[in-house]
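K.L.:
Could you have a look at this structure, given as structure tokens, before my questions?
Throughout, read-outs are computed from the coordinates displayed, never taken from laboratory work. These numbers come from a predicted model, not from an experiment. Neighbour counts are summed over all protein chains in view; Cβ atoms, including those assigned to glycine, are modelled from backbone coordinates with ideal geometry.
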Amino acid sequence: DTDTDENDQPKKEQFKKTKSIGKIWQQEIGNRTSWIVTLSCLLTPLALELAYSIILGDTISSLAKTVGIKGILATRQASILIVTLGVLYPLCQLKSLAALAKVSMVGVSGTFMTCIFMALRSLPGGPYAAGGKFVKDLSPALLPS
């Protein structure tokens with residue numbers, strides 16, 4: 001095992017100097033398939049940005065209608081466009097997301113608190129259990145069986 005680690009040391013140092021995943025792929029696998037890494041590095045964030053835009057756009061349009069906003073600003077398409085151009089695109093242009101580290105902890109804390117509240121509400125006798133105070137507001141198709 002130690003022989004393998006010692007033999008890999010020069011390779012590890014070489015990888016540290018390389019600035020591109022595609023270059024490492026070319027060195028290890030070959031040039032013919034290096035386009036796979038480049039395509040993956042393009043499509044993954046693009047797909048995630050699209051998913052975030054859709055989720056946030058749907059949420060914001062629903063909230064806009066709840067607050068009483070009407071017209072084009074309350075549509076799903078306008079909300080997705082506003083979120084994408086006003087929030088997500090500027091974030092994608094940042095060279096480093098280090099400045100968002102503290103805000104990220106707020107998001108993680110919020111997600112954790114949401115999990116706790118959902119677990120508490122799903123317990124027997126909770127507001128969403130059979131006979132609970134929110135069950136009467138559910139449409140018949142969403143009622144628990």
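K.L.:
Pairs of Cα atoms under 8 Å, at least six residues apart: use those to get the relative contact order of the chain, whole percent.
P.N.:
Here the relative contact order equals 10 percent.
K.L.:
Let me ask something additional. Tell me, Kirkwood radius of the chain from alpha-carbon pair distances, in Å?
P.N.:
Taking every pair of different Cα atoms in the chain, averaging 1/r and inverting gives 20.7 Å.
K.L.:
Does the stretch 13-93 come out rounded, prolate or oblate by the C-alpha gyration tensor, with a ≥ b ≥ c the root eigenvalues, rounded set by a/c under 1.5 and, if not, prolate when a/b is larger than b/c and oblate if not?
P.N.:
It comes out prolate by the Cα gyration axes.
K.L.:
Could you tell me the calculated FRET efficiency between residue 108 and residue 32, based on Cβ-Cβ distance and R0 = 41 angstrom, to the nearest 0.05?
P.N.:
0.50
K.L.:
I need the calculated FRET efficiency for the pair residue 77 and residue 13, taking r as the beta carbon distance and R₀ as 41 Å, to the nearest 0.05.
P.N.:
0.20
K.L.:
With θ set to phi - 60° and the Karplus curve 6.51 cos²θ - 1.76 cosθ + 1.60, what are the ³J(HN,Hα) couplings of the stretch 22-27 in order, to the nearest whole Hz, using x for Gly and Pro?
P.N.:
Once rounded to whole Hz, the list reads x, 5, 4, 4, 4, 5.
K.L.:
Would you calculate a helix-derived [θ] at 222 nm for the chain, using -39,500 (n - 2.57) for each DSSP H run of n ≥ 4 and dividing by the full residue count, to the nearest 500?
P.N.:
Working: 6 runs with 92 residues, N = 145.
The per-residue figure over the chain is -21000 deg cm²/dmol.
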